[in-house]
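Structure first, then comments.
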Amino acid sequence: MSKDLRFDDQVAVITGAGGGLGRQYALLLAARGARVVVNDVGGSVTGDGSDAAAASAVVDEIRRAGGQAVADSHSVTNPAGGQAIVDTALSAWGRLDIVINNAGIVGDAPFEDMTAERLEPLIDVHLRGAFYVTRPAWSVMRERGYGRILNTCSAAGILGAERMSNYGAAKTGLIGFTRVLAAEGAAHDIKVNAIAPIAYTRMLEQSLKSAGQPGEAAAQAVLDDLVGQYLAQLDPSLVAPVAAFLTHRDCPVSGEIYTAGAGHVARFFIGRTTGFYSPGLSVEDVRDHLEEIRDEAGYTVPRGPADEMSELFAAVATRPG
Ligand SMILES: NC(=O)c1ccc[n+]([C@@H]2O[C@H](COP(=O)([O-])OP(=O)(O)OC[C@H]3O[C@@H](n4cnc5c(N)ncnc54)[C@H](O)[C@@H]3O)[C@@H](O)[C@H]2O)c1
């Protein structure tokens, strides 16, 4: 069919690329010609410690395969770290085309045990981290009139997974971040999308472990069977093509969310029901028309607040109470 999608001459920063999904993104982009900053602090899945060897090992792997990469072990959690990561790309190759905000940690707990100490590190790595890396990259991209940014969100936040209020809040904050930057980047050929991956990495393993084991042996056997059957299919390398396409020059979309796992890819979107209108809306109207308000038939997918405003005034104009 059409020719292969390549990244020759382009420079990509990938955070958290010392293992798991980020490593696969780095290997794929480098194999397709990109020069890659492999960023990773090399800490534990819950964010403890650091080890520069994590990023270096992936760089060695890329170079052995004939690709170009440099290692960076700054943390994304502060503005100086974000600037330093971007500077690594600029001093190595003088340009920056792609940022993949992928660094992440977990710290699951039921909400009654969720403390500020459990919340802050997750907000720092996922939400502030994406902000701190993207901000200096944005200046470079705006000046050149080109950029591709991919943020990492999660079904745990979009759909809601128990025990992950810190993670879900941080990850879903990135959806707002993605959509606002997509709006601001539109005039500058900066496309900003989000990926919600599903992959069997140490992070998924940790979340499964912390969800607790069922008490009975029979239930445990069922779980083990499920684990055996499904987890093996969740190879992180099968998510990488989606990350690569969304950061390619040919990517036509911006402000969108794609879910990817086991070789399957789909789109999440934010829909708006046609709703109910009454010029003198009362509390009882809301109660009495809840089904109509919730009815998914004929929903729309507004591209931005202006679309929603047009829909609102169209409804008000055409449906007198
Ligand atoms: N695995 C899944 O099923 C899944 C699902 C939804 C979202 N995610 C998200 O995908 C991303 C990749 O996760 P993964 O599953 O590959 O886990 P992972 O633990 O293998 O990878 C995360 C990487 O981020 C690095 N990192 C952590 N804090 C950092 C910091 N402050 N600065 C720089 N690097 C840092 C870690 O050292 C690690 O190498 C994360 O954002 C995660 O939240 C994963």
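The values are calculated or read from the model by the stated rules, or taken from the named source; none is laboratory data. All figures in this text were calculated on a predicted structure; none of them were measured in a lab. Here the Cβ positions follow ideal geometry from the backbone for every residue, glycine too, while neighbour counts run over all protein chains shown.
If we keep just the residues of segment 1-49 that are of a type in the set (V, I, T) and in a loop (DSSP other than H, G, I, E, B), which is nearest to S75 (Cα to Cα)? Steps first, please.
Filtering segment 1-49 down to residues of a type in the set (V, I, T) leaves 11, 13-15, 36-38, 41, 45-46.
Add one more test, that the residue is in a loop (DSSP other than H, G, I, E, B), and what stays is 15, 41, 45-46.
Values: T15: 9, V41: 6, V45: 14, T46: 14 Å.
Filtering segment 1-49 for residues that are of a type in the set (V, I, T) and in a loop (DSSP other than H, G, I, E, B), the one nearest to S75 (Cα to Cα) comes out as V41.
Name every residue in segment 275-321 that is more than 30 Å from E256 (Cβ to Cβ), of a type in the set (V, I, T) and surrounded by 10 or more Cβ atoms within 10 Å (Cβ to Cβ), in order of residue number.
V286
I need the full set of residues from segment 207-246 which are touching a residue at least 12 places away in the same chain (Cβ under 8 Å) and not in a helix (DSSP H, G or I), in order please.
A211, A232, Q233, L234, D235, V239
Return the only residue of L159, L204 being of a type outside the set (V, I, T), closer than 28 Å to S237 by Cβ, outside any strand (DSSP E or B) and out of contact with any Leu (no Cβ under 8 Å at 6 or more places or on another chain). Spell out how you get there, then give the answer.
Values: L204 fails: out of contact with any Leu (no Cβ under 8 Å at 6 or more places or on another chain).
After ruling out the rest, the residue left standing is L159.
Cβ-Cβ below 7 Å, separation at least six or inter-chain, first residue in segment 135-154 and within 16 Å of the ligand (Cβ to nearest atom), second modelled with pLDDT of 95 or more and assigned to a loop (DSSP other than H, G, I, E, B): which pairs?
Matching pairs, first to second residue: A137/L96; L150/T247; T152/N102; T152/G104.
Does at least one position in segment 73-83 carry a residue that is away from the ligand (no atom under 14 Å from the Cβ), closer than 25 Å to Y146 by Cβ and at pLDDT 95 or above?
Applying the first criterion (away from the ligand (no atom under 14 Å from the Cβ)) to segment 73-83 yields none.
No, every residue in segment 73-83 fails to be away from the ligand (no atom under 14 Å from the Cβ), closer than 25 Å to Y146 by Cβ and at pLDDT 95 or above.
Scan segment 23-36 and tell me whether some residue there is of a type in the set (A, V, I, L, M, F, W, C), near the ligand (Cβ under 10 Å from one of its atoms) and at pLDDT 95 or above.
Initial filter on segment 23-36 (of a type in the set (A, V, I, L, M, F, W, C)): 26-31, 34, 36.
Still in the running and near the ligand (Cβ under 10 Å from one of its atoms): none.
No, every residue in segment 23-36 fails to be of a type in the set (A, V, I, L, M, F, W, C), near the ligand (Cβ under 10 Å from one of its atoms) and at pLDDT 95 or above.
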